[in-house]
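J.: Please read through the structure below; I'll follow up with questions.
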Amino acid sequence: MSKLKISLSAFFMLVLLGFFGGLASAEGFDTTNLQNPAPTLNNATIDNNGNTNSQRTHGNFQNNTNSCANCHSVHNGETDMLLMKSGASELCMSCHDGTLGFYNVTKVSEAGVMYSHEDSASMHHVDSNLEESSAPGATGIENDTNGTSLKNTSTATFECSSCHNPHGSANDRLLNEKVAGNQFGAKYNVTIVGYAETITKASSVPLGEKAIKLDLQLDPAYSTINNATNLSGLKIYKSNGIYTEANGLTAGVSVADVRNYRLNYSAFCGSCHTDYYRSREDGAQSDGVHYGHSASSTKSGRACTSCHYSHGTDITMLRDTAGKTIADLQKPVAEGGKGWSADLAKQYMKDVSKSGSNLKRFTNMAVCWACHQSTHQIANTPGTTNYPNTTDYKNFLVPGGDYSGKSKIK
C-alpha cells in the first residue's frame, strides 16, 4: 500500500465509494443500514479503533481492509491486473451504473452523462480501446513558451482510470494527479490577448497535494448517512462543478485559489487534448496554421467545463442561448417556458453538427453565445429596421433574440 493512500485520508472522505461527480443514485442501497448500505460489497464493519463503522472502497482503507477483493481476484483475475472483470470500464460500471456505487454515471449530473442513447449524444468512450494519444488535439508541439511539454504521446488505453484513480487521490472526485504521464498542476504565466490580463502561477502543485477542488455539497439523497456521527466522517457529496469566483468566495476559497483550480482543471483536460490547451501567445497549433480558444485563462470564468461536460451529453442536457433545456421549453409560459410539445422542443434543441455535440453544454453554436451575448450588437446589424440606431436598440431586437435567461457558465 502506498504512502499516498495512508496519508491522505482527510481528502479521501470527500470521494468515497465512487469516483464520478454528480447526482447520487439510491438504487440498490439500504440507507438505514449505515454500516453496510451496499451489502453485496466486501465490507468490514469494525474500524481501526474497534468501533462499528463503514469501510471505504476507494482510499482511506482500514488496516483490516477487504476492499481489494471488490475489484481484484488474487488467483482468478480477468486481466493482467487481476481485475474481477474483463476490463476497467466493465469493472467500474459494475458499480457505477446505479446498482452499487453511490455515483451513477448513466444519470444526468454536473459531470454530464455516459452511455446515453438520446439524440445528439456524445461522450468520452471509455470502452472503445482507443489510445490516450488519439484524443482530438493530441498532436501538440513539444513545448510551449513556458517550457511545459504539450505533446500527448501516451500509448495507454483510454479508460475510466485515465482520469480517475480508484486507489485514491488528493483531488476531489478521485481525479488523477498525473494524466497521460504528465503532471498537470504546473507553472503558468499567461497574458490574455486583448484583455491585458496576466495570471501568474509561480509553482507546480506537488504530487499528493490538491490541484483540483470542486464545489461539493452534501447530497440530500443520503441525509441519513451524512447526518450519522459514527462513520468516521463518511459523507456523500454531489458536485456543482468547478468553483466560480462568486461561489468560491462564499465557500471561503480565495479568488487566487479559484483561478488556480480552474487553470489546473483545464490543464488536466489539456494533458490529453494538448493543442486545445495552447494559449494564443504560444503561437498556432501544431499544424502551424490554426488558432483556437485557449482554456489557459480565467477571463469570464473560462475553463474547459465552461463549454463541455466531462463525461458526455445528450439532447436532454443541451441548452439554448437563453440557458433553456428541453424540459424548460415545455413548461407553461406563465412558468417561464414556451408551452412547447416534447417533439417541438427536441427538434429545436437538436444538435446538427457534423461530428455531434462533442460533450457540449449548449446546442450548436449556442455554446458561443453563452459567453458572447450582446443584444446591442445583434440589434444594430445591417438589415434590421433600426440600423444604425444606437440609442433605442432595446425596442428593436432581432426576432428570436431571447437572452433574458442567459446562463451563468460554470
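J.: So if each residue of separation counts as 0.36 nm, and I subtract the Cα-Cα distance between H117 and M84, what length gain in nm does that give?
T.: Here the answer is 9.2 nm.
J.: Using a 7 Å offset from the Cα along the Cα-to-Cβ direction at both S355 and K338, what is the distance between the two label points in nm, to one decimal?
T.: Spacing of the two 7 Å Cα→Cβ label points: 2.8 nm.
J.: While we're here: Sort H167, H124, H96 by heavy-atom solvent-accessible area, probe 1.4 angstrom, most to least.
T.: So, going from the largest accessible area down, we get H167, H124, H96.
J.: Additional query: Separation between the T155 and S128 pseudo-spin-labels, each 7 Å from Cα along Cα→Cβ, expressed in nm?
T.: Distance between label points: 2.1 nm.
J.: Based on the Cβ-Cβ distance from A246 to N76, what FRET efficiency comes out when R0 is 60 Å, to the nearest 0.05?
T.: Computed FRET efficiency for A246 and N76: 0.70.
J.: All other residues with a Cβ under 11 Å from the Cβ of L175 taken together, and with Lys, Arg as +1 and Asp, Glu as -1, what is their net charge?
T.: The answer is +2.
The values are calculated or read from the model by the stated rules, or taken from the named source; none is laboratory data. Values in this document were obtained by computation on a predicted structure and should not be read as measured data. All Cβ positions, glycine included, derive from the backbone under ideal geometry; neighbour counts span all protein chains shown. Calculation scope for accessible area: heavy atoms of the full protein, side chains included, ligands and nucleic acids excluded. Shrake-Rupley method; radii C 1.70, N 1.55, O 1.52, S 1.80 Å.
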